[in-house]
Amino acid sequence: MEESREIDPRSGFCASNSVFYSKRKPLPLPHNHSLDVTTFISSQAHHGKIAFIDAATGNHFTFHQLWRSVDSVASSLSELGIRKGNVVLLLSPNSIYFPVVCLAVMSLGAIITT
């Protein structure tokens, strides 16, 4: 029996189950279950659009800059010996670099814990 959901169109919040739902349409995912999230996201054509903006400083990353940074951090982590299955603890204040490190760790097949 499916429950009735009244989702606020402005926030995506459903008061009946206290869950926030995305206001965007679902993104079709590839049928290849072995494709990792970083490869999937980076394979999309973003045409120089901005990926992240740091609200405090105004600094931003385009998708091209983001993936170049992710690749650079992943290379450095790999040289430090980080491999698939390793767990990496990230303790950091809010920063535009936080998702860069997370994506770099995931691209190596390692596990990130915050």
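The values are calculated or read from the model by the stated rules, or taken from the named source; none is laboratory data. Here the structure is a predicted model, which is why all the values come from computation and not from measurement. Methodologically, a virtual Cβ is constructed for each residue, glycine included, from the backbone with ideal geometry; neighbour enumeration extends over all protein chains shown. Heads up: the accessible areas ignore ligands, DNA and RNA and are worked out on the full protein's heavy atoms, side chains in. Shrake-Rupley method; radii C 1.70, N 1.55, O 1.52, S 1.80 Å.
Pairs are defined by a Cβ separation below 8 Å, a sequence spacing of at least 6 or placement on different chains, a first member in region 92-114 that is without any contact (Cβ under 8 Å) to a residue 24 or more places away in the chain, and a second member that is open to solvent by less than 60 Å² (accessible area, probe 1.4 Å) and in a loop (DSSP other than H, G, I, E, B); the pairs so defined are Phe98/Leu90; Phe98/Ser92; Cys102/Leu90. Answer yes or no: is there a residue in region 32-54 that is modelled with pLDDT of 90 or more, assigned to a loop (DSSP other than H, G, I, E, B) and open to solvent by 50 Å² or more (accessible area, probe 1.4 Å). No; the residues of region 32-54 include none that is modelled with pLDDT of 90 or more, assigned to a loop (DSSP other than H, G, I, E, B) and open to solvent by 50 Å² or more (accessible area, probe 1.4 Å). Taken together, the residues in region 59-71 that are of a type in the set (Val, Ile, Thr) and either surrounded by fewer than 13 Cβ atoms within 10 Å (Cβ to Cβ) or not in a helix (DSSP H, G or I) (or both) amount to 1. I'd like the full set of residues that are without any contact (Cβ under 8 Å) to a residue 24 or more places away in the chain and either of a type in the set (Lys, Arg) or surrounded by 15 or more Cβ atoms within 10 Å (Cβ to Cβ) (or both), limited to region 72-86. Listed by number, the list is empty, since nothing qualifies.
Of all residues in region 91-114, those satisfying the criterion of being closer than 16 Å to Phe61 by Cβ, open to solvent by 60 Å² or more (accessible area, probe 1.4 Å) and part of a loop (DSSP other than H, G, I, E, B) are Asn94, Tyr97.
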